[in-house]
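Worksheet: the structure to be examined is printed underneath.
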Amino acid sequence: MTGTVSPAVAQVTAIEASLFVFVVLTALATAFARDVLAAVIVFGAYSLGMAALYTFYRAPDVAMTEAAISAGVTTVLLLLTLAKTTRIDHEAVFESVNYPAAGAAGLLFAGLAITMVDVPAVGSPDAPVWSNPDVTQWYLAETYAETGVENTVMAVLAAFRGFDTFGEAVVVFAAGIAALIVLRREVFA
Amino acid sequence: MSDAPDVDAGGRGDESGGRDDAGGKRDADDGGRDDDRSGSADPPRRSGRLDSETRQGTPYTESQVIMSTVKVVSPFAFTYGLFVTFHGGGSPGGGFQGGAIMAAVVFMIAFAFGIEATRQWLANTVVVALAVGGTLAFAAIGLLPVALGGAFLQYDLLPLPILDPVKYGMEAVEIIGIAAIVSGVLMGLFFVLARGFNGEDSGPSIGERDPFSDGESPEDGDGVATDGGER
Amino acid sequence: MSVVDATLGAGYTVGDFLLIVAAGFVVLAIGMLYRAVKGPTMQDRVLAVNVLGTNTVVILAILGAALSEPTFLDIALVYALLNFLMAIAISKFTVERGGVL
């Protein structure tokens, strides 16, 4: 955040605000859509907004993961699952609200929203990330010298916490095996 | 969906009669669609049940628009997936994202040219080899430094002759480890979901050899039959 | 000092202007969301999600220009290539609701 003049801040909040509105609207529509296919489609739109938001917050790796996984994979897998189920025809666009469930969700949201007060602003110099700048600056400054790659995210993933990444990779592999077991197959075909 | 009642009627009759009936009907249907499906080649696998016919093995209709567009788009998308995988060190991306993009290209091809045709082209061996090989490669790269007296994934101990072992060890983990696992597992999930749940005619399932599903397939068949009867 | 930092007037730079344009595209996306949610037929929804995807590609490209981050274009490319997959998947699915894939 180099633009510290007030007009720049104003516009930053403009695009942030519009993206937030978009994301919240798509999330609500996904939750309340009566037709499952419509919910899947709107969920795709939600991922579009989330990717734009991640991108705006300078997290291009997360945004690319969101793009590749949700646009390319999740929608297709959900559609394939829907193709195996039967459809219930309804005229209504939205599901009728289940008030106890909505109340529980609202309480959870309120509990999480209380903590939002203490979250530092984006790019704030008071953020805990900067309270020990030796650590963060060390990763940003020394990654290339230590590992020979420029992308700090990839360096952290593959080198600095490589064992965690190995665990994640095995989890993905185990997910494939779990799908085979649940569907009672021996082969992916 | 238009031929669903006919198939259902065939399925509720005598078991063998229903099978023949459905097989003949499918062959008649396939006449118009040329030989896109290999289904007409193996009639004994057909059961005549509604769900297995119209749900589990979804027939394929070709669309000229989608096929031509996918022919144009998929090479670029696959190349871009390779770029994201191989260039993860210098730009956003990496093995996970690139593997997902490459798997998405396979989904694209499957939607355009038929899931069955893609399944035959991309055999189960390839998918499993990608997933298992990726995991084993990652584990091997991680454990090799341990064998040489270092720590897990201590890249600078990797015996690479000319190249920088840290950089190319990381690239190897991303490319032949994570990208292979992710693309293999996602393709496998796609194929196994497209096949559906334990249909009798839906390819090799665990079937008789497995102790869990011994004697469960009749129940499955009954469940499907009542489901079809409700329609 | 790139083009993005050039002053347009009243303290606003080209980058600020591009951010406003991006916000406008997001507002357009919110409008398109109505068609994606309400859309009486599935064809409306397919078209809406396709428009939303293309819109996102434009937003990401503008963000990349406004914030001087050319790597954002990589994400825009991913969407440009995979949005097509989403469109064909949903449109083929709408025919007999997955009866034909």
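The values are calculated or read from the model by the stated rules, or taken from the named source; none is laboratory data. A quick note: this is a predicted structure, and the numbers were derived from the prediction, not measured. Glycine also receives a Cβ, built like all others from the backbone with ideal geometry; neighbour counts cover every protein chain displayed.
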Revision key, fill the gap. From the option list A:E142, A:E150, A:E146, single residue qualifying as at pLDDT 80 or above, among the charged types (D, E, K, R) and not in a helix (DSSP H, G or I) is A:E150
Check your understanding: Only one of (1) exposed (fewer than 14 other Cβ atoms within 10 Å of the Cβ); (2) at the interface with chain B (Cβ under 7 Å from one of its Cβ atoms) fails for A:D118. Which number is that?
Key -> (2)
Practice item. Only residues in the stretch B:128-140 that are touching a residue at least 40 places away in the same chain (Cβ under 8 Å) count as the first member; pair them with residues that are surrounded by fewer than 18 Cβ atoms within 10 Å (Cβ to Cβ), Cβ under 7 angstrom, at least 6 apart or cross-chain, and list the lot. Key: B:T135/A:V170
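Look at C:V4 and say whether it is more than 21 Å from A:T26 (Cα to Cα), in contact (Cβ under 8 Å) with a residue 12 or more places away in the chain, touching a strand residue (DSSP E or B) at 6+ places or on another chain (Cβ under 8 Å) and surrounded by fewer than 20 Cβ atoms within 10 Å (Cβ to Cβ). Write out each step before concluding.
Values: more than 21 Å from A:T26 (Cα to Cα): yes; in contact (Cβ under 8 Å) with a residue 12 or more places away in the chain: yes; touching a strand residue (DSSP E or B) at 6+ places or on another chain (Cβ under 8 Å): yes; surrounded by fewer than 20 Cβ atoms within 10 Å (Cβ to Cβ): yes.
So C:V4 fits the description; yes.
Does A:A189 count as modelled with pLDDT under 85 and either within 14 Å of another protein chain (Cβ to nearest Cβ) or in a helix (DSSP H, G or I) (or both)? First the steps, then the outcome.
Values: modelled with pLDDT under 85: yes; either within 14 Å of another protein chain (Cβ to nearest Cβ) or in a helix (DSSP H, G or I) (or both): yes.
It is true that A:A189 is modelled with pLDDT under 85 and either within 14 Å of another protein chain (Cβ to nearest Cβ) or in a helix (DSSP H, G or I) (or both).
Between B:G150, B:G221, B:G133, which is among the small types (G, A, S) and modelled with pLDDT of 90 or more?
Numbers: B:G150 fails: modelled with pLDDT of 90 or more; B:G221 fails: modelled with pLDDT of 90 or more.
Residue meeting the stated conditions: B:G133.
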Exercise for review: Run B:R195 past the list (1) at pLDDT below 90; (2) surrounded by fewer than 22 Cβ atoms within 10 Å (Cβ to Cβ) and report the number of the one that doesn't hold.
Suggested key: (2)
Practice item. For A:V182, indicate whether it is without any contact (Cβ under 8 Å) to a residue 12 or more places away in the chain and not aromatic (F, W, Y). Key: yes
Practice item. Scan the stretch A:83-98 and give yes if some residue there is more than 12 Å from chain C (Cβ to nearest Cβ), over 30 Å from C:V51 (Cα atoms) and without any contact (Cβ under 8 Å) to a residue 12 or more places away in the chain, otherwise no. Key: yes
Check your understanding: Is there a residue in the stretch B:154-165 that is farther than 16 Å from B:T85 by Cα, out of contact with any helix residue (DSSP H, G or I) (no Cβ under 7 Å at 6 or more places or on another chain) and at the interface with chain A (Cβ under 9 Å from one of its Cβ atoms)?
Key -> yes
Review point. Does A:L78 satisfy the criteria of being of a type outside the set (V, I, T) and outside the structural domain of A:A29 (by TED's automatic domain parsing)?
Key: no
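How about the stretch B:113-139: which of its residues are of a type in the set (S, T, Y) and surrounded by 15 or more Cβ atoms within 10 Å (Cβ to Cβ)?
B:T118, B:T135
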**Study point:** Matching residues, the stretch C:38-78, being at the interface with chain A (Cβ under 7 Å from one of its Cβ atoms) and touching a Gly at 6+ places or on another chain (Cβ under 6 Å)
**Key:** C:R45, C:V49, C:F72
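I'd like the residue in the stretch A:135-165 that is more than 26 Å from the chain's Cα centre (by Cα) and not hydroxyl-bearing (S, T, Y) and, out of all such residues, is nearest to the other protein chains (Cβ to nearest Cβ). Talk me through it step by step, then tell me what you get.
Taking the stretch A:135-165 first, the residues more than 26 Å from the chain's Cα centre (by Cα) are A:138, A:141-142, A:144-148.
Filter once more, keeping what is not hydroxyl-bearing (S, T, Y): A:138, A:141-142, A:145-146, A:148.
Working: A:W138: 17, A:A141: 17, A:E142: 13, A:A145: 10, A:E146: 7, A:G148: 3 Å.
The extreme case among them is A:G148.
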**Study point:** Qualifying positions in the stretch C:1-37 - more than 10 Å from every other protein chain (Cβ to nearest Cβ), of a type outside the set (S, T, N, Q) and touching a Ser or Thr at 6+ places or on another chain (Cβ under 6 Å)
**Key:** C:V4
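Within the group B:G99, B:G114, B:G89, B:G93, which residue is assigned by TED's automatic domain parsing to the domain that holds B:T69, touching a Lys or Arg at 6+ places or on another chain (Cβ under 8 Å) and closer than 22 Å to C:M86 by Cβ?
On the way: B:G99 fails: touching a Lys or Arg at 6+ places or on another chain (Cβ under 8 Å); B:G89 fails: closer than 22 Å to C:M86 by Cβ; B:G93 fails: touching a Lys or Arg at 6+ places or on another chain (Cβ under 8 Å).
From the options B:G99, B:G114, B:G89, B:G93, the qualifying one is B:G114.
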Exercise for review: For the stretch B:83-110, name all the residues that are touching a helix residue (DSSP H, G or I) at 6+ places or on another chain (Cβ under 7 Å), surrounded by fewer than 24 Cβ atoms within 10 Å (Cβ to Cβ) and aromatic (F, W, Y).
Suggested key: B:F86
